[in-house]
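A.B. asks: Dropping the structure in here first, questions after.
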Amino acid sequence: MSKCYLCPQRCGADRTKRAGACGATDEIAIAKYYPHMYEEPILSGTRGSGTIFFTGCSLRCVFCQNYDLSRVKTGKKITPKELADIFKELEDMGVHNVNLVTPTHFVDRIAEAFEIYRPHIPVVYNTHSYEPIKTLEIIDKYVDIYLPDMKFYSPSLSERYTGKKDYFEVAKTAIEYMMDKKTFSLSPDGMMKSGVIVRHMIMPLGAADSRKILEWFASAKKNGAYISLMAQYTPFGEYERFPELKRRITAAEYDRVYEKLLSLGIERYFIQELKAASESFIPKWDF
Ligand code: SF4
């Protein structure tokens, strides 16, 4: 933490003294934890996914659906011991898994929490995927399920919305590592026990990019991985600066992407209904 290189930004911040480009110091910060009912059905089930939202972000999309969280406008600092207590508390609530949302910039502190308490339910690593293998190697032994985003294919699109041209190449390498590490399996009650679900949110004017991502996924060595197409884009964050981001996706854009998925013969997939595009699905922060 005296020189942080956990993400590809490699800003080298001394996080014991100040926040890095991700907005995080060496203290874990969270905005909420609760049983979340709106993850994929094999994760949320009937009792919810035990979701913990970490504040700060090393990717920072301009349209972030959790904007206040990624820009550290909310959050409470906790110790690894307190995080371990939250794992236990969620587990005692009866959730199906512990779900770490945007954990990349805290992986070493989260690993400390797992050394204090290992949950007896699956651990989900829910990420934007902009992270090097070295960072994933720190956390992999504690993780059962990877839930990585694949956000953009085109370097110009990722540069426009995140300032990072190399997003696809970094995320592709990270997700292929995840698919290599975890084989898909279900527990006897039909809930996900291990494996990978790659998420992709369809963007306004982004159908062509989505189709390229589907082509990559179809050709990757998947170990049983699913893809989850998300239709929940809602104008948020800095969308006023980007005319194309001021609307939700259209039925035609949704259909173009879905048709491509079917034409590629992808059978292991989830797809959100278009009506999922609503601010009511964005959590209210507790801290
Ligand atoms: S995780 Fe944060 S502090 Fe570390 S390199 Fe990335 S942006 Fe910098």
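No lab work stands behind these numbers, since they all come straight from the coordinates. Small disclaimer: the values here were computed from a predicted structure and weren't measured. Here the Cβ is made from the backbone with ideal geometry for all residues, glycine too, and neighbour counts use every protein chain on show.
A.B. asks: Find the centroid of the Cα atoms in the range 152-202 and in the range 1-37, then give the distance between the two in whole Å.
C.D. replies: Between the Cα centres of the range 152-202 and the range 1-37 lies a distance of 21 Å.
A.B. asks: Next question. Going 7 Å from the Cα of Asp108 in the Cα-to-Cβ direction, what parts of the range 19-37 have a backbone nitrogen less than 12 Å from that spot?
C.D. replies: Label zone hits: 26-27.
A.B. asks: Now a separate question. Using a Förster distance of 22 Å, how high is the FRET efficiency between Met93 and Met1, based on the Cβ-Cβ distance and rounded to 0.05?
C.D. replies: Rounded to the nearest 0.05, the efficiency is 0.10.
A.B. asks: Let me ask something additional. Please arrange Phe236, Phe53 by how many other C-beta atoms lie within 10 Å of their C-beta, fewest to most.
C.D. replies: Phe236, Phe53
A.B. asks: Put a dot 7 Å past each Cα toward the Cβ at Asp286 and Ala208; how far apart are the dots in nm?
C.D. replies: In this crude spin-label approximation the distance works out to 4.5 nm.
A.B. asks: Near the amide H of Ile28, under 5 Å away, which other amide H atoms are found, from residues 5 or more places off or on another chain, if H is placed in the peptide plane?
C.D. replies: Placed amide hydrogens put Ile78 under 5 Å from Ile28.
A.B. asks: Next question, about the same structure. Mind checking which aspartates and glutamates have their Cα closer than 18 Å to the Cα of Lys77? Skip sequence neighbours fewer than 8 apart in that chain.
C.D. replies: Within reach: Asp14, Asp26, Glu27, Asp68, Asp85, Glu89, Asp108, Glu112, Asp286.
A.B. asks: Over the range 161-233, how many pairs of lysines fall under 19 Å by alpha carbon, counting only those 8 or more apart in sequence or from different chains?
C.D. replies: So the count works out to 17.
A.B. asks: Take each of the peptides 69-82, 96-109, average the number of other beta-carbon atoms within 10 Å over its residues, and list them starting from the highest.
C.D. replies: Taking the mean over residues of other Cβ atoms within 10 Å, the ranking is 96-109, 69-82.
A.B. asks: Now a separate question. Put a dot 7 Å past each Cα toward the Cβ at Glu244 and Arg18; how far apart are the dots in nm?
C.D. replies: For Arg18 paired with Glu244, the spin-label model returns 3.5 nm.
A.B. asks: Okay, moving on. Grab the Cα-Cα distance for Ser219 and Ala252, subtract it from 0.36 nm times how many residues apart they are, and report the gain in nm with one decimal.
C.D. replies: Here the answer is 9.4 nm.
A.B. asks: Relative contact order (percent) for the range 28-281, with alpha-carbon contacts under 8 angstrom and 6 or more residues of separation?
C.D. replies: Dividing the mean separation by the residue count of the range 28-281 yields 16 percent.
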